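Each value in this text was obtained by applying a stated rule to the coordinates, not by laboratory testing. This one's a predicted model, so the numbers in the text were calculated from it and none came from an experiment. In this analysis, Cβ positions are derived from the backbone assuming ideal geometry, glycine residues included, and neighbour counts consider all displayed protein chains.
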Amino acid sequence: MTQTIQAVRGMNDILPDDAALWERLEEVVRSWAHAYGYRNIRTPLLEHTALFRRAIGETTDIVEKEMYSFVDELNGESLTLRPEATASTVRAAVEHSLLHHGPQRLWYAGPMFRHERPQKGRYRQFHQIGAEALGFPGPDVDAELILMCARLWDDLGIEGVRLQLNSLGAPAERRAHRAALVAHLERHADDLDADSRRRLATNPLRVLDSKNPALRPIIATAPKLLDHLGAESLRHFEGLQAILQDAGLPFEIDHHLVRGLDYYNLTVFEWVTDRLGAQGTVCGGGRYDGLFEQIGGKPAPAIGFALGVERLLALVLDAGGPVPPTPQDVYLVHQGDAADRFAFVVAERLRDHGFSVAHHCGGGSFKAQMRRANASGAQMAVIVGDDEAAAGAASVKPLRDERPQVRLPLDALPDGLSQLLYADDS
RNA sequence: GUGGCUAUAGCUCAGGGGUAGAGCAUCGGAUUGUGAUUCCGAGGGUCGUCGGUUCGAUACCGACUAGCCACCCCA
């Protein structure tokens, strides 16, 4: 016996029952993005590894151990399945001079890849929806993006997602704060735990996120990034807050909110929930004014966010349960040699008129076909036997209520079916 | 990458050193061409894979694979 082949670890099939929910989400997202003037962009799943190394940061965990990279045997190039789409989007914008005629609002949706151990809400192939506002200095567009998120939660009926905000300031301010922070932490080096000591070397801002209660006094007295922000950065941050307040959107300022990627500056934000176990971040984003230059383009301000589709769907299910599948109008039952052929005429005629028709294939007894018709969820069974075929007619039997079956000539069938499907029972 | 737990029918699970069970689902039947309810019947599993212990393993042990949960980290 041949061995069965299963899906690659951490990569999931989305089966039809679930895919229905994905389709609904995609419809909502499309019109939501359109409502804010964002246009779709589709970049390749595969990029040169160098793009992510340069964009995301050499010492981040993503680049160090989580990228799904491999060598193209054709030419020895190192390629990487995209771990996120911002770098690709900016690369595309630079490559095609998208900002030449002014700023661009873009959105994308699609699979991303990370080579880490799978767990709930965190897979090797996962899906993100994101929006990027390229060429806008903010803070107006920062607020727009955040309000946009809030509307999506609303459109999807999700509750209990909280907004956390912070400002990382300008790179120079960040560096000054980082130096002060490192000095502070080094003074208390003896009291730090192993994790924090490691982070002190790699990513000192992360020490502020430590969940170890013993470190609380050290964290509380640590120099705050906010205190190192210059007038311009503060004005940006306050401008953003003012717009959110005007919009009546509640937020928390989290001084310890630091995004994992190197390219962020000024505004950073996350939408978090406590309903998803350890994977509490549903959406994260921030400003990355330096990224264009970093990957070799002309400098341009930009901000964006990405949200995890798997987590989002978990919340949708949590909020309202699964969506009922869209029922088919007609299940076409047929029996007899002449009827089997005439059934195709009937089916195509109905589709000409816009009806959705599941045509029974594979034979089987009449009873079995009726059972299938019922189980399919279709509204109507359209029945073609040799009697009907000889008369050029079809019988329509409502499956979801007790209205009687009616027999109609082929030409009268579409109208008759419409009446049965859409007539008010009242 | 690290640790803990798990793997028996399509699904949810029970069982237990002597070669397998339930519920649900599926399929068929209850006179000729009428579904969902009811009744009757059937099919379906090398008990995740490979190896070890044993007269004998699905059960005990190990490795591997996969899943779940957490850590690291992170959208």
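Tabulated values for the structure
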read-out: Gyration tensor (alpha-carbon) shape descriptor, the stretch A:227-269, a/c threshold 1.5; value: oblate
read-out: Unit charges on C-beta of K, R, D, E only; dipole of the stretch A:323-402, Debye; value: 280
read-out: Taking the convex hull of Cα positions in the stretch A:330-417, its mean projected area over all directions (nm²); value: 5.0
read-out: The stretch A:160-253 shape via C-alpha gyration tensor axes, a/c threshold 1.5; value: oblate
read-out: Hydrodynamic radius (Kirkwood) for chain A, which is based on Cα pairs only, to one decimal in Å; value: 25.5
read-out: Residue-averaged 222 nm ellipticity for chain A, from DSSP H runs of 4+ at -39500 (n - 2.57), nearest 500; value: -11500 deg cm²/dmol
read-out: Coil-residue trypsin sites (Lys or Arg not before Pro) of the stretch A:41-111, DSSP, other Cβ within 10 Å capped at 16; value: A:42
read-out: Inter-centroid distance (Cα atoms) of the stretch A:227-293 relative to the stretch A:68-128, Å; value: 22
read-out: Lysine pair number, Cα distance threshold 26 Å (strictly under), chain A, separation 8 or more or different chains; value: 5
read-out: Longest site-free stretch - chain A; sites: GluC sites (Glu not before Pro), DSSP loop, at most 13 other Cβ within 10 Å; value: A:160-401
